[in-house]
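First the structure, in the form of structure tokens, and then the observations on it.
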Amino acid sequence: ITRQRYWGTPLPIWKCDKCRDYVVIGSTTELKKLAGKVPKDLHRPYIDEIEIKCKCGNKKKRIPDILDVWIDAGTTSWSCLDYPQKKDLFKKLWPPDFILEGKDQIRGWFNLLLVASMVSMNKHSYKACYMHGFVQDAEGRKMSKSLGNIISPYEVIDKFGADTLRYYMIGGANAGLDINYNMEDTKIKHKNLTVLWNIHKYLIDLVKNSSIDLRKLKIDKKKASIEEKYIISKLNSTIKKATELFEKYK
Ligand SMILES: [Zn+2]
């Protein structure tokens, strides 16, 4: 769990070379109590100047290693909420509803977040896990400089707009599976979306040019025509379906 490096989170263990006794420091308060002082910056080289008196009469020195970066990454679920120093955000937000990462994180973040919280609290650090695949070229090859097949998302956004790219990705990307990006399909998605955009703009213009105040608009269900009832029914079914799919991460 440690690395012989300079930059990183110092391993908080002080050890005596003479009697081999050691102490694991859990907070700056504890360090101050045992060492009498705490450096302003808790990183190297300042932290290495701190020594702790040993019961054998010798001095304990910090084991000079730093923690593996996966310890930093694995503890993020609570360290970003200032836990355990503060409890309010942790109580309110932890564990998060879900974590979203690429399939390269099976042995990485998905794993280490879980390991860290199970070891320290015996609890899961997320309720659900959504894993996405990678974006490959239209023929299913990895995008790379040497193949010259890289398509930047900015290029797609400049041509078709961000909504087209979102629409394409939502439709084409299944959880955990790679997507073979195809510019021709994006063009078709853009055309489909333009129809919806135009209807949307048309309706907004109609409302703007009328005396209708949408915020005050109430439909009397008893007086509503069959077409209006159909539209309201469709709207509610769509909300229900979209909510269900969202909750299943589909
Ligand atoms: Zn000692």
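The values are calculated or read from the model by the stated rules, or taken from the named source; none is laboratory data. Keep in mind that this is a model prediction, so the values were computed, not measured. All Cβ positions, glycine included, derive from the backbone under ideal geometry; neighbour counts span all protein chains shown. Ligands, DNA and RNA are excluded from the accessible area calculation, which covers all protein heavy atoms including side chains. Shrake-Rupley method; radii C 1.70, N 1.55, O 1.52, S 1.80 Å.
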Inset, instruction - Would you check if there is a residue in the range 92-108 being more than 17 Å from Thr75 (Cα to Cα) and of a type in the set (S, T, N, Q)? - result: no
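Say whether the condition of being out of contact with any Lys or Arg (no Cβ under 8 Å at 6 or more places or on another chain), in contact (Cβ under 8 Å) with a residue 40 or more places away in the chain, of a type in the set (Phe, Trp, Tyr) and not assigned by TED's automatic domain parsing to the domain that holds Tyr83 is met by at least one residue in the range 139-162. It would help to see each step written out before you state the result.
Taking the range 139-162 first, the residues out of contact with any Lys or Arg (no Cβ under 8 Å at 6 or more places or on another chain) are 139-146, 148, 150-159, 161-162.
Next, from what is left, pick out any that are in contact (Cβ under 8 Å) with a residue 40 or more places away in the chain: 139-140.
Of the ones still in play, those that are also of a type in the set (Phe, Trp, Tyr) are none.
Checking the range 139-162: not a single residue is out of contact with any Lys or Arg (no Cβ under 8 Å at 6 or more places or on another chain), in contact (Cβ under 8 Å) with a residue 40 or more places away in the chain, of a type in the set (Phe, Trp, Tyr) and not assigned by TED's automatic domain parsing to the domain that holds Tyr83.
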Inset, instruction - Go through (1) touching an Asp or Glu at 6+ places or on another chain (Cβ under 8 Å); (2) without any contact (Cβ under 8 Å) to a residue 12 or more places away in the chain and name the single condition Asp41 misses. - result: (1)
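Please work out which residue is most open to solvent (accessible area, probe 1.4 Å), limiting yourself to the range 20-35 and to residues that are charged (D, E, K, R) and either away from the ligand (no atom under 15 Å from the Cβ) or not in a loop (DSSP other than H, G, I, E, B) (or both). Outline the logic, then answer.
Taking the range 20-35 as the starting set, the residues that turn out to be charged (D, E, K, R) are 20-21, 30, 32-33.
Imposing the further condition that a residue be either away from the ligand (no atom under 15 Å from the Cβ) or not in a loop (DSSP other than H, G, I, E, B) (or both) reduces the set to 30, 32-33.
Details: Glu30: 65, Lys32: 123, Lys33: 174 Å².
So the residue we want is Lys33.
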Inset, instruction - Could you check Ser77 against (1) away from the ligand (no atom under 16 Å from the Cβ); (2) over 23 Å from Ala116 (Cα atoms); (3) polar (S, T, N, Q) and say which number it fails? - result: (2)
Inset, instruction - Within the range 36-74, work out how many residues are more than 20 Å from Arg5 (Cα to Cα), more than 14 Å from the ligand (Cβ to nearest atom) and among the hydrophobic types (A, V, I, L, M, F, W, C). - result: 1
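Residues in the range 87-99: is at least one more than 16 Å from the ligand (Cβ to nearest atom) and farther than 25 Å from Tyr130 by Cα?
Of the range 87-99, the ones more than 16 Å from the ligand (Cβ to nearest atom) are 87-99.
Still in the list and also farther than 25 Å from Tyr130 by Cα: 87-88.
So far as the range 87-99 goes, yes, one or more of its residues are more than 16 Å from the ligand (Cβ to nearest atom) and farther than 25 Å from Tyr130 by Cα.
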Inset, instruction - Give the residue, chosen from Gly172, Gly108, Gly148, Gly140, that is touching a strand residue (DSSP E or B) at 6+ places or on another chain (Cβ under 6 Å) and farther than 26 Å from Leu245 by Cα. - result: Gly140
Legend entry - Selection count where residues are β-branched (Val, Ile, Thr) and surrounded by 16 or more Cβ atoms within 10 Å (Cβ to Cβ), scope the range 164-178: 1
Inset, instruction - Run Asp17 past the list (1) touching a residue at least 40 places away in the same chain (Cβ under 8 Å); (2) surrounded by 13 or more Cβ atoms within 10 Å (Cβ to Cβ); (3) of a type outside the set (Ser, Thr, Tyr); (4) out of contact with any Gly (no Cβ under 6 Å at 6 or more places or on another chain) and report the number of the one that doesn't hold. - result: (2)
Inset, instruction - Being exposed (fewer than 10 other Cβ atoms within 10 Å of the Cβ) and in contact with a helix residue (DSSP H, G or I) (Cβ under 8 Å, 6 or more places away or on another chain) is the filter; apply it to the range 180-228 and report the residue that is farthest from Ile157 (Cα to Cα). - result: Lys221
Legend entry - Candidate set from the range 1-12 (those that are in a loop (DSSP other than H, G, I, E, B) and open to solvent by 70 Å² or more (accessible area, probe 1.4 Å)); member that is farthest from the ligand (Cβ to nearest atom): Trp7
Legend entry - Given (1) charged (D, E, K, R); (2) at pLDDT 95 or above; (3) more than 16 Å from the ligand (Cβ to nearest atom), number of the condition Lys15 does not satisfy: (3)
